[in-house]
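The values are calculated or read from the model by the stated rules, or taken from the named source; none is laboratory data. In this text, all values refer to a predicted model and were calculated from it rather than measured experimentally. We place every Cβ from the backbone using ideal geometry, glycine too, and count neighbours over all the protein chains shown.
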Amino acid sequence: MNTDKPGRVPYVWWIVLLAAAGTFALSMGTRQTMGFFLSPLNTATGLGVGSISLAFAFGQLWWGLTQPFAGAIADRIGAGRVLLVGLMLVALGTYITPLMTTTWGLIIAIGVLSAGGAGMAGPSVLMAATARLMPAERRGMATGIVNAGGSFGQFVMAPVAAALTLGLGWAGAMQALGLIVLLALPAAWVLRGPGPAATASAAAPAAVALPAREAIRKALSNPSYLLLSAGFFVCGFHVAFLATHLPGVVAACGLPAPVGAWALGIIGLFNIVGSLAMGWAVGRWRMKSLLSLVYASRALAVLVFLLAPKTEAVLLVFAAVMGLTFLSTVPPTVGLVAKFFGTGNMAMLFGIVMLAHQVGGFLGAWLGGYVFEATGSYDWVWYIDIVLAVGAALIHLPIREAVVLRSRAAA
């Protein structure tokens, strides 16, 4: 490892960051563009926005459900094989989605295969692998960079999806996106190292894994961990609603369809800035305070958007503000889980927090379609989002930033 110049980040660390960020870019970018295809899917299948939203919502839930299990496996055998299977499932599910003509078919393609694969190649495995391979003092910035990779993927893939749709049609565009995901396969080899449970004798004390049941029991008995998970539930509601229904919001405002693709891209672009800024801030301020600030900012931004005239400029500025907060919750959330419990069981324990995130995501994606079909407007979903964001800002304040669980080696 090249450490010849003090203060310089060794090149091996950059390779790790590139592999993790690149994987997140392709898997997250592909998932976050799926809302762009909701209207073409509805036109092609005639199933209705509500039924198709159910498939997307199930995908949000399944993405969360797979992460604790994928994390537990990665904690045991390493991230490489988990990422390999996950990326192949994302590609398969995305490729066959245009062939599905029923609600159940869409649930299997979008909700089980694609979303489950993205969960296996998702943040719980990627963030934990990165945290183990980076020194503690660089973890905040490292997770910010990996998180920014997902944002960069969304920024790039949304316009790519629009361009592919013009050239290949919506079905061909989805299948092309599925094949593009396979470009991340080499990253599975880079991040293939065994989990701490497999190398306990050589691992640092903070990285030695406890038995899964013991770690889960102690985590679920900790109030700060539960409050953190509740806040991430709200994040999931907000993110999934925007990712799934922002193109529908654009259409409901009477704006051209390409504005929806550009809005998704702008969210991704500004999320890069938000993720990197948050990664830098994690090492300087209390993580719970940063999370409270993010959720309060979301509530204020949505309120201003509801009161403002719905023009293209307003919509794109709103997308930029949302982008700054979109996934900037991830670095401080990862940081708190690592601070509470160390890195030995981090993939699994952060996966449980991600599960709470995706339960919120299920409600955000499904409720958006249900409310729109019932009322012809998204307004009530926005009202719910404001209330949830205010609540999330408040519940982070009692969190105690202290070590909760020490490994047996450390003890």
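Just a few scattered comments:
- Elements of type helices (runs of 4 or more DSSP H) contained in region 81-159, each with 3 or more residues being surrounded by 24 or more Cβ atoms within 10 Å (Cβ to Cβ): 115-120, 123-133
- Number of the condition not met by Y370 [criteria: (1) more than 30 Å from L47 (Cα to Cα); (2) modelled with pLDDT under 85; (3) not charged (D, E, K, R)]: (1)
- Taking region 300-406 as the region of interest, the helices (runs of 4 or more DSSP H) fully inside it that hold 1 or more residues being without any contact (Cβ under 8 Å) to a residue 24 or more places away in the chain are 312-326, 346-375, 379-395.
- Total residues in region 319-342, condition buried (at least 21 other Cβ atoms within 10 Å of the Cβ) and over 20 Å from the mean Cα position of the chain (by Cα): 3
- Looking only at region 46-72, and only at residues there that are surrounded by fewer than 21 Cβ atoms within 10 Å (Cβ to Cβ), among the aliphatic types (A, V, I, L, M) and farther than 19 Å from H357 by Cβ, the one that is modelled with the highest pLDDT: L47
- Residues in region 185-223 that are at pLDDT below 65, assigned to a helix (DSSP H, G or I) and among the aliphatic types (A, V, I, L, M): A197, A198, A206, A207.
- Set A389, A393: member being at pLDDT 85 or above, of a type in the set (A, V, I, L, M, F, W, C), buried (at least 22 other Cβ atoms within 10 Å of the Cβ) and under 30 Å from F305 (Cα atoms): A389
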